1. Using 0.36 nm per residue, how much length does the chain from LYS27 to LYS89 gain when fully extended, once their Cα-Cα distance is taken away?
2. Note the full-extension length gain between MET168 and ASP241 as 0.36 nm times their separation in residues minus their Cα-Cα distance, in nm to one decimal.
3. If packing is taken as the average count of other Cβ atoms within 10 Å, what order do 67-79, 243-255 fall into, highest mean first?
4. Using a Gaussian network for the chain with springs between C-alpha atoms less than 10 Å apart, which of these wobbles most: ARG61, ARG95, ARG167?
5. Take the Cβ-Cβ distance between GLU250 and ASN101 as r, set R0 to 45 Å, and report the resulting FRET efficiency rounded to the nearest 0.05.
6. Any idea of the accessible area per residue across the chain, 1.4 Å probe, to the nearest Å²?
7. If contacts are Cα pairs under 8 angstrom and at least 6 residues apart, what is the relative contact order of segment 212-279 in percent?
8. Apply the Karplus curve 6.51 cos²θ - 1.76 cosθ + 1.60, θ = phi - 60°, to the phi angles in segment 246-253 and return the couplings in whole Hz, x for Gly and Pro.
Amino acid sequence: MFFTDFLKNLKRDEARAKKDTTSHWIKCDGCSALMYYKEVHAQLYVCPKCGYHFRISAQDRIDFLCDSQSFVEYDKELAPIDPLNFVDKESYKKRIEKYKNKTGRPSSVIAGFARINKIPVQLVVFDFAFMGGSLGSVEGEKIVRAVQRSLQNKQALIIISTSGGARMQESTFSLMQMAKTSAALNKLSEAKIPFISLLADPTFGGVSASFAFLGDLILAEPGAMIGFAGARVIKQTIGADLPDGFQTAEFLLKHGLIDMVVHRKDMKKTLSDIISMLVPVNENQPVLYS
């Protein structure tokens, strides 16, 4: 009897140990502390010990920013084509298919309508897991359509960027999205409808060189790396050492390039407070789409 109970307890302990494998533990890149993942998840993927902000998925970001079940995705059927028949280590078509299987979506942008503390907004979120959140023709088109919905419904636009830049596999087609999105956002400015740009880690390249820095207000998460070229490239180009904290959100705030650095737990309230001041709305107003 004792031996039977011992075996049962042993199997139970083995099952529990298997469940709590190393994949369930997270090491903080900021303070090197080892934490149970549920503890970090409960803090919106922020280290409870040092405040380091982990990178999070686009869906997690939507879930914690938007009111429950308020997000309605648009243009999710848009998918990139291969106009150049581009091939490097593998073809562009194969890359798209690989990342589609990985993320469950055909592009690096999720766009749609949402409510943030009951305030209606148009929301665009980049997914870094899809080809490094790169900007291609589909991503540019989704942003422009979100701008059009903002104009039509007189709703604020929020774009959350986390990207390595323009997608090289589309060459000039991707670079033209910088001009295309900037021109669309100018219409939003003329209509005096606010555009809030939120910069997450990392935001670089053609994204930072276009719409990401055109916001009426530019917010960033603590510690986010933001710039155009990487620090190593800049150092090699200018032949000089870079200051401490170069390209971090805090460095950019200190030098007047962004407006606010906002902790993730305060982001939802901060966004709703800003929008409620800039666009007074009736919470029950109908939302129309073309």
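1. Values: separation 62, 0.36 × 62 = 22.32 nm, distance 3.21 nm.
Here the segment from LYS27 to LYS89 would lengthen by 19.1 nm.
2. Values: separation 73, 0.36 × 73 = 26.28 nm, distance 2.89 nm.
Result for the pair: 23.4 nm of gain on full extension.
3. Details: 67-79: 13.2, 243-255: 15.4.
Sorting 67-79, 243-255 by mean packing, highest first, produces 243-255, 67-79.
4. ARG95
5. On the way: r = 37 Å, r/R0 = 0.83.
Efficiency at R0 = 45 Å is approximately 0.75.
6. Details: 15390 Å² over 290 residues.
Computed with neighbouring chains in place, this is 53 Å² per residue.
7. Working: 52 pairs, mean separation 26.7, N = 68.
RCO, segment 212-279: 39 percent.
8. 4, 6, 7, 4, 5, 5, 5, 5
The values are calculated or read from the model by the stated rules, or taken from the named source; none is laboratory data. Since we're looking at a predicted model, the values are computed, not measured. Ideal geometry is used to build each Cβ from the backbone, glycine not excepted, and the neighbour counts take in all protein chains shown. Only protein heavy atoms, including side chains, enter the accessible area calculation; ligands, DNA and RNA are left aside. Shrake-Rupley method; radii C 1.70, N 1.55, O 1.52, S 1.80 Å.
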